[in-house]
Amino acid sequence: MTDTTQLKTRPERYFQPDIEKASSDALFAVQSERLLKTVNNCYANIPFYRTAMDALGVLPGDIKSVDDLSKLPFTTKQDMRDAYPFGLFAIDVHSRVQRLHASSGTTGNATVCGYTQEDIDNWGDCFARSIAQVGGGSESILQIAYGYGLFTGGLGAHEGGIRIGATILPMSSGNTQRQVQMMNDFGTDILACTPSYALLIADTAIEMGYDPARDFKLSGAILGAEPWSEGMRQEIEDKLGVIAVDIYGLSEIMGPGVSCECRAQNGLHVAEDQFIIEILDPETLQPVPDGEYGEVVFTTLSKDCSPLLRYRTRDISCIVPGTCSCGRTLRRMGRISGRTDDMLIIRGVNVFPSQFQQAIAEFAEVTNHYEIILTRKGQLDKVELKVETTPEFDFDEIRKIEELQRRIGDELKSNLQVSVDVSVVEPKSIERSMGKAKRVIDLR
Ligand code: DLL
């Protein structure tokens with residue numbers, strides 16, 4: 001196992017210490033001032049918000065500080081889709097807008113956001129903080145293996161690299177052997193990609209005959225865009241010899257860097273100078289206490305082209321109570337535990353994909369590569385879990401395979417109250433992902 005203690009005990013680095021370590025009073029003042037500006041911008045320039053605020057009987061003048069946030073209307077993904085493509089822009093797309101990003105529109109219109117140069121710079125600041133949080137700086141070689149394009153991963157990381165002055169290796173995703181080659185030859189020290197792609201890169205490097213933890217100069221990995229587990233983190237850290245931090249973001253709010261862990265790895269510091277976070281009960285839309293899980297809702301504070309008021313992300317998380325050992329005062333959100341819309345209803349029982357992940361983490365014989373396949377037989381839902389074993393597992397003994405499948409099935413049954421047909425499969429039989437892994441295949 002790689003010893004990451006040395007990496008963890010390096011002196012803490014900050015990109016914008018005045019902001020990252022601001023007092024709560026100073027932050028409240030900055031947030032309030034920017035909120036007023038944002039609300040005025042929304043009311044004056046976006047008819048959707050004028051109508052929504054008029055319907056609630058709220059005028060921009062009623063918002064005096066962050067304490068008045070709950071008077072403002074919510075925004076949903078559907079509102080953004082209805083406004084497709086530019087209906088929620090505060091400025092004309094032909095004016096100062098430098099770039100457009102869009103989320104994939106698999107279940108409806110894509111959601112589109114515009115960025116002025118100022119928006120791009122602010123975004124870069126957020127990602128630059130993340131680079132510092134994992135221990136990187138201007139001397140770093142940053143390999144970006146998030147996809148470049150309408151997806152915000154690649155270009156968001158790129159802007160962060162520019163702001164902090166790192167040497168950028170703009171690989172985008174794909175061509176994994178070449179990623180490994182460059183990583184070795186150029187001496188990459190920070191890798192940015194999805195956690196599933198980091199694992200694929202690690203495994204590919206091992207297959208190519210490297211021991212990345214020993215041979216490569218990697219020290220940090222900034223991984224996000226999809227849910228992952230502590231088990232995956234451990235595997236990535238061991239194989240690559242890095243500290244791996246979780247980065248969160250969404251295209252509607254900005255892209256990667258809305259929040260990111262530091263090396264304490266105990267919650268993701270939210271860029272609270274640029275966003276107000278609320279954690280609300282998704283039914284009552286009332287705030288839940290710190291430490292309790294609810295829907296994450298963001299209000300943007302610095303966005304010029306695509307400001308959003310109280311955007312309901314559908315992601316589920318909490319505010320991590322207490323202070324962080326890294327010295328940052330920006331509050332932390334917990335790992336995303338699921339989405340309000342990824343709940344599977346299986347024979348009437350509500351189940352989240354993350355529960356499968358937690359259950360299989362208990363078994364040393366299997367890995368983090370799994371797929372949940374849902375089908376319907378007559379009136380009955382059928383659930384199959386395919387999970388890969390470790391290379392050490394002896395696949396020649398049918399009895400051992402059956403016994404492992406039964407034990408995993410029993411664990412799932414007692415955790416989820418649903419019978420799951422478990423198939424353990426040989427290493428590398430489940431397709432690897434270079435972007436966001438698709439773990440649930442619903443064929444019903
Ligand atoms: O995934 C932005 C991003 C790029 C974040 C690179 C981090 C790194 P979208 O494609 O719009 O944007 O997808 C946003 O992905 O609402 C979450 O459900 C999920 N997601 C993002 N980061 C994480 C994370 C980018 N760290 C949606 N953990 C969000 C779990 C995440 N889920």
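Every read-out reported here was derived from the displayed coordinates using simple, explicitly stated rules and does not represent laboratory data. The structure displayed is predicted, hence computed values, not measured ones. Please note: Cβ atoms are built from the backbone with ideal geometry, for glycine as well, and neighbour counts cover all protein chains shown.
Here are a few things to note about the model shown:
- Across the range 58-179, the mean sequence separation of Cα contacts (distance under 8 Å, 6 or more residues apart), normalised by length, yields a relative contact order of 20 percent.
- Karplus 3J(HN,Hα) series, Hz, for the range 208-225 with 6.51 cos²θ - 1.76 cosθ + 1.60 (x for Gly, Pro): 7, x, 8, 10, x, 5, 9, 7, 9, 8, 4, 10, x, 9, 10, 10, x, 5
- Taking Cβ atoms as reference points and 14 Å as the exclusive limit, the residues near Tyr84 contribute a net charge of -1, counting Lys and Arg as +1 and Asp and Glu as -1.
- Cα pair distances exceeding 27 angstrom across the chain, given as percent: 55
- Amide H within-cut-off set for Leu301, under 5 Å, with H built and near neighbours excluded: Phe275, Ile276
- Alpha-carbon spread of the range 344-442, three principal axes, descending order, Å: 38, 34, 24
- Computed lengthening from Thr284 to Gln379, 0.36 nm per intervening residue step minus Cα-Cα distance: 30.9 nm
- Cβ-placed point charges (K, R +1; D, E -1), dipole of the chain about Cα centre in debye, nearest 20: 700
- Translational diffusion coefficient (Stokes-Einstein; Kirkwood radius from C-alpha pairs) of the range 183-258 at 4 °C, 1.567 mPa s, in µm²/s: 102
- For peptides 374-387, 249-262, sequence by mean Cβ density within 10 Å, most packed first: 249-262, 374-387
- Take every Cα pair under 8 Å whose residues are at least 6 apart in sequence, average their separation, divide by the length of the range 344-442, and the relative contact order is 32 percent.
- Each Lys or Arg adds one and each Asp or Glu takes one away; over the other residues whose Cβ falls under 9 Å from the Cβ of Asp203, this sums to +2.
- Modelled spin labels at Arg432 and Thr9, positioned 7 Å past Cα toward Cβ, are 3.4 nm from each other.
- Theoretical FRET efficiency, 1/(1+(r/R0)^6), r = Cβ-Cβ of Lys64 and Ser104, R0 45 Å, to 0.05: 0.70
- Comparing Thr323, Thr116, Thr284 in a Gaussian network model of the chain (Cα springs below 10 Å), the most mobile by mean-square fluctuation is Thr284.
- Burial ordering of Val39, Val366, Val58, fewest other beta-carbon atoms within 10 Å first: Val58, Val366, Val39
- Taking the chain as a Gaussian network of alpha-carbon nodes connected by springs under 10 Å, the highest mean-square fluctuation of the residues Glu139, Glu278, Glu388 belongs to Glu139.
- At least 20 Å along the helix axis (C-alpha) and Kyte average at least 1.6, DSSP helices within the chain: none
- Distance in nm between pseudo-label sites at Ala44 and Thr390 (7 Å out along the Cβ direction from Cα): 6.2
- With the charge dipole of the range 327-442 set up from +1 on Lys and Arg Cβ and -1 on Asp and Glu Cβ about the Cα centre, the Cα lying farthest toward the positive end among the listed residues Ile430, Gly348, Leu412 is that of Gly348.
- Overall form of the range 19-127 per C-alpha gyration tensor (a/c, 1.5; a/b vs b/c): oblate
- Using 0.36 nm per residue and subtracting the Cα-Cα separation, the extra length available between Asp410 and Arg347 on full extension is 20.9 nm.
- Within a straight-line Cα-Cα reach of under 20 Å, Lys8 can be paired with the following aspartates and glutamates, leaving aside sequence neighbours fewer than 8 residues apart in one chain: Glu20, Glu139, Asp189, Asp215, Glu230, Glu235, Glu237, Asp238, Asp246, Glu261.
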